[in-house]
Structures are given as C-alpha cells and as structure tokens.
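Report on the structure given below.
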Amino acid sequence: MINGFFICCYISYILGDDCIAITGERGGSSDINITRVACGPGHGISIGSLGKGDIDDTVENVIVRSCSFWGTQNGARIKTWHGGKGLAKNILFENITVTNTKYPIIIDQHYSNGGTGHVKVIFKLY
C-alpha cells in the first residue's frame, strides 16, 4: 500500500492482492508516478479504497504509465465507499496493456470488500 507524497515506482514485477494500492489515509497521497510495472495475478493497481468510516481521504496527481496486467481481476481501478468522503483528482492511467483481465477499467463507488454494488460511471478512453 502506498500512502504519502512524491513516490515513484519503476520497473517492477508485483503479484497478489492489489498489485499497488494508493490510499488517501493519514493526510492523503499525491504526486505519485508508477511506470513500467507488471502486475499479475492479483487485483491490479487501485486508487483507494477511499472514504471508509467517514474518513476524508484524498489521492491526487497520480500517473500510472506503461504498465501491464495479466491474469488479474482488475486492471486500472478506483474504489470508494458509499457515503464516504474523499477525492480522487488528476489520476492518469496511460499506455496500459491488459491480458486475461476480468475488469480492465473499473470505478467502484460502492466498494465493500466484497466488490458488490458496482455503479455505472461514464468516462472517456483516449
């Protein structure tokens, strides 16, 4: 789990649970650069979960670039707790490759550890 400021992760192979989880607890997380990380198997790279227990979580200025996912449940994921407080701002997933991934991109606004309660979110892919 990543929590902090000005964090970089380059050229890594990570497997199991969340490959990388960026949380907003304890003052938030910002200015994070994740580049050339290979994930799998596991749950992909996650922003959150944010807002559990009415905590005001903030994650901002995150770049996830040139990463690959194979055999993962998720690729790029943002997860928040229903009714929670928080903010995910300036998040960029760029040049990602997914293979045998159930949910390549997922935004779960009703996260509850069981992964139920997905809400449809409209977003653009560039």
With the checklist (1) surrounded by 17 or more Cβ atoms within 10 Å (Cβ to Cβ); (2) out of contact with any Asp or Glu (no Cβ under 6 Å at 6 or more places or on another chain) in hand, flag the one item Gly86 doesn't pass. (2)
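Among the residues of region 39-58, how many are among the aliphatic types (A, V, I, L, M) and modelled with pLDDT under 90? Before the answer, list the steps.
Kept after step one, since they are among the aliphatic types (A, V, I, L, M), are these residues of region 39-58: 45, 47, 50, 55.
Next, from what is left, pick out any that are modelled with pLDDT under 90: 55.
Number of matching residues: 1.
Please state which one of Val37, Val98 is over 14 Å from the mean Cα position of the chain (by Cα), at negative phi and part of a strand (DSSP E or B).
Values: Val37 fails: over 14 Å from the mean Cα position of the chain (by Cα).
Only one candidate passes the filter, namely Val98.
With Ile63, Ile78 as the choices, which residue is modelled with pLDDT of 90 or more, surrounded by fewer than 18 Cβ atoms within 10 Å (Cβ to Cβ), under 18 Å from Asp31 (Cα atoms) and among the hydrophobic types (A, V, I, L, M, F, W, C)?
Numbers: Ile78 fails: surrounded by fewer than 18 Cβ atoms within 10 Å (Cβ to Cβ).
That would be Ile63, the only listed residue that is modelled with pLDDT of 90 or more, surrounded by fewer than 18 Cβ atoms within 10 Å (Cβ to Cβ), under 18 Å from Asp31 (Cα atoms) and among the hydrophobic types (A, V, I, L, M, F, W, C).
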Going through region 40-51 in order, the residues found to be surrounded by fewer than 22 Cβ atoms within 10 Å (Cβ to Cβ) and not in a loop (DSSP other than H, G, I, E, B) are Gly42
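The values are calculated or read from the model by the stated rules, or taken from the named source; none is laboratory data. It should be emphasised that the depicted structure is a prediction, and the values quoted were computed from it without experimental measurement. A quick note on method: Cβ atoms are made from the backbone with ideal geometry, for glycine too, and the neighbour counts reach across all protein chains shown.
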